[in-house]
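Here the structure comes first, spelled out in structure tokens, and everything after it is commentary.
The values are calculated or read from the model by the stated rules, or taken from the named source; none is laboratory data. These numbers were taken from a predicted model, which means no experiment stands behind them. FYI the Cβ positions are ideal-geometry reconstructions off the backbone, even for glycines, and counts take in every protein chain you see. Just so you know, the surface numbers come from the protein's heavy atoms only, side chains and all, with ligands and any DNA or RNA stripped out. Shrake-Rupley method; radii C 1.70, N 1.55, O 1.52, S 1.80 Å.
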Amino acid sequence: MGNRNLIRHFAEKLALAVMTIFVVATFNFFLIRFMPGDPLEHLVGEEDYLYLTSAHPEVLEELEVEYGLDGNLWEQYTNYLGRLLHGDLGQSYQNKVPVLTLILQRLGRTFRLLLPAIALSAVVGIFLGAVAGWRAGSRLDRWISRLSLVVYSVPGYCLGMLGLMVFCFWLGVAPSGGMASGGLTGVAYWKDALWHMALPVGVLTVSKSAYILQMMRSSVVEAKDADYALVARTKGLGGGRILFRHVLPNAALPMITIITMEVGFIVSGSMMIEQIFNWDGMGLLVYRAIGGNDYPVLQGSLLVLTVCVVLANLLSDVLCALVDPRIQDGMWHE
């Protein structure tokens, strides 16, 4: 694949990503409007809607304009798309602030948990998976594989509750939740913030590293019998050099896709963890929006989470093409 074909490949991926986001945005638009009843009733709640209908109908008219529910369906749709292009996701009914501001603030807090967890799970999963795959069938491999399967089969929120029970209530070495103790500044604040991060980051790391470990083990088992590994053995190279210089670089290539996709999916997958540890990120934002019928926040969150997954997919394609010359030479599908 020449440079022109490579550019065309990424252009097709980008077009597919834009189309995916467009479809989700359209689904967002029609979601409330196709629900039974007046869309405003879902936005403000049944009790407030009945009260405003009888006492202050002019307020409902103002809300229709504010939430883009005035005019016919086509006018609403075009106005909705125009607002999206300008970064306007509407206004939260509960907090009376722009939805995009709320989401960006909470998304930053969520990534404060996710980025360390993804980095640590990648290191642990790749290393243990490489050791288990290189020594496939050994006692060490059996112990690592069985333990990872047990961890992988346990839901993340169960691991979170187990972590709270052991490290908070039994041992007393971790806080029960929250992002900081409050009233601290400078170095003391960052130490306290890291202390509050340790347990949820640890739970996410253990939960995600199990899957990476299994995938890495399978990849190493397949790669260690490849021709380049056999040639390295005939040259008299030691097992460690063959593993880390020849097998691991090739076996780790699929991990790029797995890890980058984790960046997108873990944002939504960490919501239960955030609720367990009272971490004020996207998880709590969506949870409170559901409880308060804050549909603008729910719509905006769905769209932003979709963008995260799509961008992670694009990042995976770019990194694979940069790391593996075969993709650039057109051998990716051969």
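Numbers at a glance
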item	result
Simple Cβ-charge dipole of the chain, Lys/Arg +1 and Asp/Glu -1, about Cα centre, in debye nearest 20	2560
Karplus-derived HN-Hα couplings along region 291-305 (A = 6.51, B = -1.76, C = 1.60, θ = phi - 60°), whole Hz, x at Gly and Pro	x, x, 6, 8, 5, x, 5, 5, 5, x, 5, 4, 5, 5, 5
Theoretical gain in end-to-end length, F169 to A193 [0.36 nm per residue, Cα-Cα removed]	6.7 nm
Note, ³J(HN,Hα) from phi for region 91-97, Karplus 6.51, -1.76, 1.60, rounded to Hz, x at Gly and Pro	10, 5, 6, 6, 9, 6, 10
Given charges at Cβ of Lys, Arg, Asp, Glu: the chain dipole, positive-most of I256, Y228, F167	Y228
For region 194-324: span of alpha carbons on each principal axis (Å, largest first)	67, 32, 22
In degrees, nearest ten, helix 73-85 long axis to first principal axis of the chain (Cα)	50
Whole-number percent relative contact order across the chain, with pairs defined as alpha carbons under 8 Å at least 6 apart	27
In sequence order, calculated HN-Hα J values of region 113-130 (Karplus, 6.51, -1.76, 1.60; Hz; x Gly/Pro)	7, 6, 4, x, 5, 5, 4, 5, 5, 5, 5, 5, x, 5, 5, 5, x, 5
Relative contact order [Cα under 8 Å, 6+ residues apart], region 10-160, whole percent	9
Whole-Å semi-axes of the ellipsoid equivalent to the chain (Cα gyration tensor, √5λ, descending)	45, 28, 15
Anisotropy class of region 66-223 from Cα gyration tensor, a/c 1.5 cut	oblate
Most positive-pole-ward Cα, S145, L284, A55, against dipole of the chain from beta carbon charges	S145
For region 74-223, size of Cβ-based charge dipole, Lys and Arg +1, Asp and Glu -1, in debye	320
With Cα atoms, 0 to 90° folded angle of helix 46-55 axis to the chain main axis	20
For Q91, distant residues with modelled amide H under 5 Å away	V99
Nearest-ten-degree value, helix 186-223 long axis tilted from longest Cα axis of the chain	50
Unit charges on C-beta of K, R, D, E only; dipole of region 101-166, Debye	40
Given charges at Cβ of Lys, Arg, Asp, Glu: the chain dipole, positive-most of L302, A210, V65	A210
Accessible surface, per residue, of region 116-254 when the full set of protein chains is kept, probe 1.4 Å, Å²	55
Over the chain: helical MRE at 222 nm, DSSP H runs n ≥ 4 each giving -39500 (n - 2.57), nearest 500	-24500 deg cm²/dmol
